[in-house]
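Q: Submitted below is the structure of interest, expressed as structure tokens.
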Amino acid sequence: MNKVNALLECSNLTKNYGKSQAVHNLDIKLEEDTIYGLLGRNGAGKTTLLNMITGGVFPSGGKIQIAGQLLKKGETPQDICYIREKNLYLGNAKVIEILEHASAFHKNWDWSFANELIKTFRLNPQKKIRQLSRGMESLVGNIIGLASRAPLTIYDEPVLGLDVVMREKFYRVLVEDYANHPRTILLSTHLIDEIAMVVERVFIMDSGSILLHDDVDNIRLKSHLLTGNKEAVEEFTKNRQVFYKESYGKGSLSALYDTINETDRRQANKLDISIEGLPLQKFFSYVIEGGQPVE
Amino acid sequence: MRASFLQLRIYLWIILGVVGLSILSNIIVSISMGGGGNPQVSAANLFTVVLIFIGSVLPGSFFKRTINLGATRKEFYKGILVVYMLWSVFLAVLNILWFELEVHFIRNYEHTFNILDVFQWSQFGIVGMFVYQVGAYMLLLSLLNLLFSGIRHILGIIIWISLIVLIPIFTSISSLRGILADGLLALLFNDSLLQGFGLTVVIACLFLAGGWWFTTRRSLV
């Protein structure tokens, strides 16, 4: 499938709160029919970015384009379903009433799928929102996000309060539905390893900037952890992109973002350097620790 | 409409409870005093107080909840305008029906105060009473909508402070009191239905435009 059309494009996006800069000079582009992961520590600026994209907060600078249309101040973009981390559902409303209200604002809403999801996630549609646990509230949001079938669906911490069984169930349903109804989905989370099997591309964000954006497959292919003698590791990594370094005695540990071919592996072997692949969670930690943009 | 009803449900129950208690206590007092000696405020007028909750709750917390469910600001604003209009029409009809009940039945036993008499809207007949009330209720709702939509905006805060400062000034200085009285007379006690209704509609439209201006500048955090 051709994925060249930008559904959302932000350029030079900045958000200041008084003197502190929550997001600065950020560029991000989301293409059609792709699942993205937005990863970052608490306070990295993820929610501020999502709030700006969805028109909830106004940028201090830069521009946001959705499907080629400039998002003006005060405009709320249509065809976006944004499931916030902090839901604001009416406490005295029933689950089914919340779904009914949400369905009114999403033109692609699929009621048969919503009813199926209620059963899958074992939610009681007659239960009042205030009687739900935090995990169940997350599920209500997740059902809205899935059943809305919006061209751009954004989840901010969608598995908050969910146990591992429900988390896996949610990811499975999401991927299955995405396969049948491709659309753009952006998952913002700090549970990185869990979404590694779900997302196709990731953005790693820290201190209001994007440190890295790449395909998950590419990250798996290019992220390596080298351990060995300090001088040997330095020689091997010369002219390569090292995004994290740590020394211990005469030894050294370096995280490398580059393709390593058979010749490189033979050279590393000669230098007595061990090369391991990096799990996404570890890769994320090293990128954040390094604090430098990774190209 | 349903979502707004859910949001307002608690306030509606409270007001219905208060009106119910008021009617009950008035009946008890009237019976014990032998009737006629206990002038009452019209029950329908009391229920009209619900407008204050509608005009403050909907542009307040209901805004965030609705946008959270996927509405755009435009959809939200159009929705609350429809809700304002429907409530104004409903309360105008209720007050007319209750007024007729008072004139033809209740006042045989008790004296009642009704805003349709107080503002002399009853002089315009049923259609006139309806039109004048809808205009006046929309004016109140649009003012509250403006105030609560702009509650977090610097200009909105200035409007709040100005109102808080100007009301006591205009009511305490006699020359200004005259101006205030003239304004209220032109708006609410106008002998010309067309003038009175026209003025309330024009001002309500200005307030609603201001409310929309604030709505487009409201953030969700």
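Q: Quick one: which residues, 5+ away or cross-chain, put their amide H under 5 Å from the amide H of A:GLY40? H built at 1.01 Å from N.
A: Amide H to amide H, under 5 Å and 5 or more residues apart or across chains, A:GLY40 pairs with A:THR189, A:MET205.
Q: May I pose another question? Mind checking Rg over Rh on region B:2-215, alpha carbons, Kirkwood formula for Rh?
A: 1.00
Q: Now for a separate question. Contact order normalised by length for region B:77-221, with contacts defined as Cα pairs under 8 Å and 6 or more residues apart; what percent is it?
A: 30
Q: Next up: Among the aspartates and glutamates, which have Cα under 13 Å from the Cα of A:LYS94 when same-chain residues fewer than 8 positions away are ignored?
A: A:GLU137
Q: Hey, another quick one. Dividing the Cα convex hull volume of chain A by residue count, how many Å³ per residue is that?
A: Enclosed volume per residue, from the Cα hull, is 157 Å³.
Q: Helix B:2-33: angle to the longest alpha-carbon principal axis of chain B, degrees 0 to 90, nearest 10?
A: 20
Q: Say the cut-off is 21 Å between C-alpha atoms; which of A:LYS72/B:LYS74; A:LYS15/B:LYS78; A:LYS19/B:LYS74; A:LYS245/A:LYS282 go over it?
A: A:LYS15/B:LYS78; A:LYS19/B:LYS74
Q: Could you give the length gained on full extension between B:SER22 and B:PHE90, defined as 0.36 nm per residue of separation minus the Cα-Cα distance, in nm?
A: Length difference between fully extended and current span is 22.4 nm.
Q: Which ³J(HN,Hα) values, rounded to whole Hz and listed in residue order, are derived for region A:151-168 from phi using the Karplus coefficients 6.51, -1.76 and 1.60 in 6.51 cos²θ - 1.76 cosθ + 1.60 with θ = phi - 60°, glycine and proline given as x?
A: x, 10, 10, 10, 10, 9, 6, x, 10, 4, x, 8, 6, 4, 5, 5, 4, 5
Q: First measure r as the distance between the Cβ atoms of A:ASN269 and A:MET197, then evaluate 1/(1 + (r/R0)^6) with R0 = 41 Å and state the FRET efficiency to the nearest 0.05.
A: 0.85
Q: Could you run the Debye sum over the Cα atoms of region B:13-75, one equal point scatterer each and no solvent, and tell me log10 of I(q)/I(0) at q = 0.23 Å⁻¹, two decimals?
A: -0.93
Q: Please compute the length gained on full extension between B:GLU100 and B:LEU194, using 0.36 nm multiplied by the number of residues separating them and subtracting their Cα-Cα distance.
A: 31.5 nm
Q: Add -39500 (n - 2.57) for each DSSP H run of 4 or more in chain B, then divide by its residues: what number comes out at 222 nm, to the nearest 500 deg cm²/dmol?
A: Dividing the helical sum by the residues of chain B leaves -26000 deg cm²/dmol.
Q: Then there's this: Using 17 Å as the cut-off for backbone N distance, which residues of region B:99-139 belong to the label zone defined by a point 7 Å from the Cα of B:ILE31 along Cα→Cβ?
A: Of the residues in region B:99-139, B:109-110 have backbone N under 17 Å from the label point off B:ILE31.
Q: If you don't mind, another one. Test of understanding: given chain A, find the longest segment containing no trypsin sites (Lys or Arg not before Pro) that are in a DSSP loop and have at most 16 other Cβ atoms within 10 Å.
A: For trypsin sites (Lys or Arg not before Pro) (loop position, at most 16 other Cβ atoms within 10 Å), the longest site-free span of chain A is A:128-237.
Q: I want to make sure I understand the PRE zone here: with the label point 7 angstrom from the Cα of B:ARG152 toward its beta carbon, which residues in region B:197-215 have backbone N atoms less than 20 Å away?
A: B:210-215
Q: Write down, largest first, the equivalent ellipsoid semi-axes of the protein assembly as shown in whole Å, where each equals the square root of 5 times an eigenvalue of the alpha-carbon gyration tensor.
A: Square roots of five times the eigenvalues give 62, 25, 19 Å.
Q: A further question on this structure: Using the beta-carbon distance between A:GLN281 and A:SER60 and R0 = 41 Å, what value does 1/(1 + (r/R0)^6) give for FRET efficiency, to the nearest 0.05?
A: 0.80
Q: Moving to a separate point now. Using helices alone, I'd like the mean residue ellipticity at 222 nm for chain A: each DSSP H run of four-plus residues gives -39500 (n - 2.57), total over residue count, nearest 500.
A: So the helix-based figure for chain A works out to -9500 deg cm²/dmol.
Q: OK, next. Step through the residues of region B:194-206 one at a time and calculate ³J(HN,Hα) from phi using the Karplus curve (6.51 cos²θ - 1.76 cosθ + 1.60, θ = phi - 60°), rounding each to whole Hz and writing x for Gly and Pro.
A: Each residue's phi maps through the Karplus curve to give 5, 5, x, 5, x, 5, 4, 5, 4, 5, 4, 5, 5 Hz.
Q: Quick check: residue separation of B:GLN123 and B:LYS74 times 0.36 nm, minus the Cα distance between them. What number comes out in nm?
A: Contour length minus the Cα-Cα distance gives 13.8 nm.
Q: Once you place label points 7 Å from the Cα toward the Cβ at A:VAL165 and B:LEU180, how far apart are they in nm?
A: 6.6
Q: I would also like to ask the following. Report P(r) for region A:219-290: all Cα-Cα distances, bin width 5 Å, range 0 to the bin holding the largest distance, values in whole percent.
A: Going from the shortest bin to the longest, the percentages are 4, 18, 31, 27, 15, 5, 0.
Q: Check the straight Cα-Cα distances from A:LYS270 and name the aspartates and glutamates below 17 Å, setting aside those fewer than 8 residues away within the same chain.
A: Here the aspartates and glutamates satisfying the reach criterion relative to A:LYS270 are A:GLU231, A:GLU234, A:GLU235, A:GLU262.
Where a number appears in this text, it was derived from the coordinates with a stated rule and is not lab data. None of these values were measured; they are calculated from a predicted model. We place every Cβ from the backbone using ideal geometry, glycine too, and count neighbours over all the protein chains shown.
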